[in-house]
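Just so you know, all these numbers are worked out from the coordinates, no wet-lab data involved. Not measured: the values here are computed from a predicted model. Positions of Cβ are backbone-derived with ideal geometry, glycine not excepted, and every protein chain shown enters the neighbour counts.
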Amino acid sequence: MDKTDETARTKRPKIFRMKGRGCAAVVGMLALGAAGVGMATAAASASAKKAAPVTLTMWSGLTGGDHTTYVGLVKEFNASHPDIKVQVTYLPWDSIAQKLPSAMASGSGPDMAMPDYNAGTVREYIKNGLITPINGLLNMVPKKDIAPAILNAFTVNGNLYAAPANWATLQLYWNKTMFAKAGISGPPKTMTQLLADAKKLTGNGQYGISLADNNTAPMWPIIIWAGGGDIVNSKGCSVLDSPKSVSAISAFATAIHTDGITQVGLSGQDADNLFSAQKAAMELNGPWAAGEYTPVHVNFGIAPVPVGSSGKPVTAALTDPIVVNAKSQHLAQALTFFAWLLGKQQQVYLAVHANYPPSRTDMSSDPGLKTNPLVKVFATGTPYARLFLPQFANFNQIVTNVFTPAIQEVERGANVASTMATASKQLNQLTGCTS
């Protein structure tokens, strides 16, 4: 998925109103004016009791196809919570990146914000003291019901710092028509089968799989994880050159370089275009892609990501985190909004209207998902889905300068072991790993 075209509005002032008290009595010589004063103070007291709702301001970058869904959700929240009013300003993601840190630091920023669509950006805000912990959310929504990857990504030193505005896993799209013509009865269940099918489906101007390597949702990390490898270990040190990582990468790199199962250098949109044009038989993608392929009459199915040599199911996930300004005076109200957004009814609404599977682990069989059966497939991956390098604020630099170039080199035939050894040294410089 190429999320760089997602965008979203300006902060309005908070509204405060003081509560007052009426006079208790009027005596003696002031009796003549008592009735008038009493009526005036009673009216003032009644007015004070109807204090304006707390206004929560929020900056969001969601102005793509899901924009209307979120507008509807906020409208429903405001209607059902008369004491809280959420006002959302929609800005381009790059505008938020430029303006939000200084706005928060100066005290003029919104109460809530989505800093970036890259989860790692939250770490920079934590380091600079710009956002506050939201641990109270776990008293409102059971911890066990929230996707583990969300909790792992946004918990630092025992404190939770972000809630998910949405959640999406990647699964395997496969072209039923192309598979049938090749004599393959169904989607692969293992990575070994996927490679064999991809080779069989390649030729005559078509590719077995459309595998993007840049400006995309994390596809190559899934391959590495499925093979039991990883990008970094728990200490933040590169393990791209570990035997399992090298083996997983080598299997696909050889099939690409030798058998031509996919084009090299595909962006996320390029990969989508190949599958949409029915020039590729498979693709790893998220739920948003279904809306692109259905109108052009691709006869596709969606299956779980095939299991690799690790023997464990794994896939990648994406989320747009929401944080609370450290200077906000309305943490309690923000937590109310977050908990409401994570409610089952709201999660079903997101699934039906925006194709996002629930951010919760307890809803894969929820009856509400039946109206959008495609989402259920993506929901099954929630318990074991992983975010790609959410612990690094310099995520973009790592991916652009190290990970992507290394993958593209091996796709073109470079030695995997030596290439990943070089990439590991570069990666450790960026992560600050010393061990």
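Points to keep in mind about this one:
- For K85, the residues 5 or more places off, or on other chains, whose built amide H falls under 5 Å of its own are V54, T55, L56.
- Paramagnetic reach from A105 in region 316-345 [backbone N under 15 Å; point 7 Å along Cα→Cβ]: 326-327
- Only Lys, Arg, Asp and Glu carry charge here, each on its Cβ (+1 for the first two, -1 for the last two); on that basis the chain has a dipole of about 1380 debye about its Cα centre.
- Links that overshoot a 30 Å alpha carbon limit, given the list K200/K370; K144/K235; K144/K312; K199/K312; K176/K370; K189/K376: K200/K370
- Gyration tensor (alpha-carbon) shape descriptor, region 180-293, a/c threshold 1.5: prolate
- Where labels lie 7 Å past Cα in the beta-carbon direction, separation of A414 and T371 in nm: 5.0
- Full-stretch length increase - T422, K127 - with 0.36 nm per residue and alpha-carbon distance subtracted: 103.3 nm
- Euclidean distance of C-alpha centroids, region 73-140 and region 314-368, integer Å: 14
- Cα shape, region 295-435, gyration tensor, a/c 1.5 rule: oblate
- Leading residue at positive end of dipole, region 66-165 (Cβ point charges), from L160, G120, T89: L160
- Computed lengthening from H353 to V71, 0.36 nm per intervening residue step minus Cα-Cα distance: 100.4 nm
- Global form of the chain, assessed from the alpha-carbon gyration tensor, a/c cut-off 1.5: prolate
- Full extension of the chain between A97 and S310 yields a length gain of 72.9 nm, computed as 0.36 nm times the residue separation minus the alpha carbon distance.
- For the chain, share of DSSP beta bridges that run antiparallel, in % to the nearest 5: 55
- Remark on I146: its backbone amide H falls under 5 Å from those of T361, a criterion applied only to residues 5 or more positions apart or on other chains, H modelled at 1.01 Å from N.
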